[in-house]
1. Which condition number in (1) open to solvent by 40 Å² or more (accessible area, probe 1.4 Å); (2) touching a strand residue (DSSP E or B) at 6+ places or on another chain (Cβ under 9 Å); (3) under 23 Å from residue 12 (Cβ atoms) is the one that residue 88 fails?
2. Of 45, 41, which residue is polar (S, T, N, Q) and either in contact with a Cys (Cβ under 9 Å, 6 or more places away or on another chain) or within 19 Å of residue 89 (Cβ to Cβ) (or both)?
3. Restricting attention to segment 52-103, report how many residues are of a type in the set (S, T, N, Q) and either within 13 Å of the chain's Cα centre (by Cα) or part of a helix (DSSP H, G or I) (or both).
4. Anything in segment 40-63 that is open to solvent by less than 50 Å² (accessible area, probe 1.4 Å), out of contact with any Lys or Arg (no Cβ under 9 Å at 6 or more places or on another chain) and modelled with pLDDT of 85 or more? List them, or say none.
5. Looking at (1) aromatic (Phe, Trp, Tyr); (2) open to solvent by 20 Å² or more (accessible area, probe 1.4 Å); (3) in contact with a Ser or Thr (Cβ under 9 Å, 6 or more places away or on another chain), can you tell me which one residue 83 breaks?
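The values are calculated or read from the model by the stated rules, or taken from the named source; none is laboratory data. As the structure is a prediction and not an experimental result, all values here were calculated from the model. Quick reminder, even Gly has a Cβ in these numbers, built from the backbone with ideal geometry, and neighbours come from all protein chains shown. Keep in mind that these areas ignore ligands, DNA and RNA; they rest on the heavy atoms of the full protein, side chains included. Shrake-Rupley method; radii C 1.70, N 1.55, O 1.52, S 1.80 Å.
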Amino acid sequence: MECINELTKKINQIEGDIQNASSMVIKEYIKATETMDENQSYFLSGIQYGIPGKSYLLTSKGIEVLGEETIEIGVFINDVINYANNPARKIEVLKDLVTHLQKFLESMNNHSSS
């Protein structure tokens, strides 16, 4: 039975690491949006937050969904991670979010240097 306790400890450690990584991603997204103009947006393709078929746009105000209220970045990312519901999927979602952030920052750098 000790092996089950060890597995539980490992899962708890992974969940804690996921929370820490999520917090860092949230901070980076907030920092990135502070550099955005009011009319700029970035499409977060492939990110699911519940009901499929919605489009999420990163804007200077947060995450916008057509026809709905703007969602705070921290709330959105935490909900996306929780929606993933298992550690492996949560890590995949975090990787997707980081990839989007990198592409957004590259586009901002390319835009400002032209």
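1. Every listed condition holds for residue 88 apart from (2).
2. Details: 41 fails: either in contact with a Cys (Cβ under 9 Å, 6 or more places away or on another chain) or within 19 Å of residue 89 (Cβ to Cβ) (or both).
One residue alone meets the criteria, 45.
3. Step one: filter segment 52-103 for residues of a type in the set (S, T, N, Q), giving 55, 59-60, 70, 78, 82, 85-86, 99, 102.
Filter once more, keeping what is either within 13 Å of the chain's Cα centre (by Cα) or part of a helix (DSSP H, G or I) (or both): 78, 82, 99, 102.
Looking only at that region, the number is 4.
4. Looking only at segment 40-63, we keep the residues that are open to solvent by less than 50 Å² (accessible area, probe 1.4 Å), and these are 40, 42, 44, 47, 50, 56, 58-60, 62-63.
Filter again for out of contact with any Lys or Arg (no Cβ under 9 Å at 6 or more places or on another chain), leaving 40, 44, 47, 50, 56, 58-60, 62-63.
Of everything in segment 40-63, those that are open to solvent by less than 50 Å² (accessible area, probe 1.4 Å), out of contact with any Lys or Arg (no Cβ under 9 Å at 6 or more places or on another chain) and modelled with pLDDT of 85 or more turn out to be 40, 44, 47, 56, 58, 59, 60, 62, 63.
5. With respect to (1) aromatic (Phe, Trp, Tyr); (2) open to solvent by 20 Å² or more (accessible area, probe 1.4 Å); (3) in contact with a Ser or Thr (Cβ under 9 Å, 6 or more places away or on another chain), residue 83 is out only on (3).
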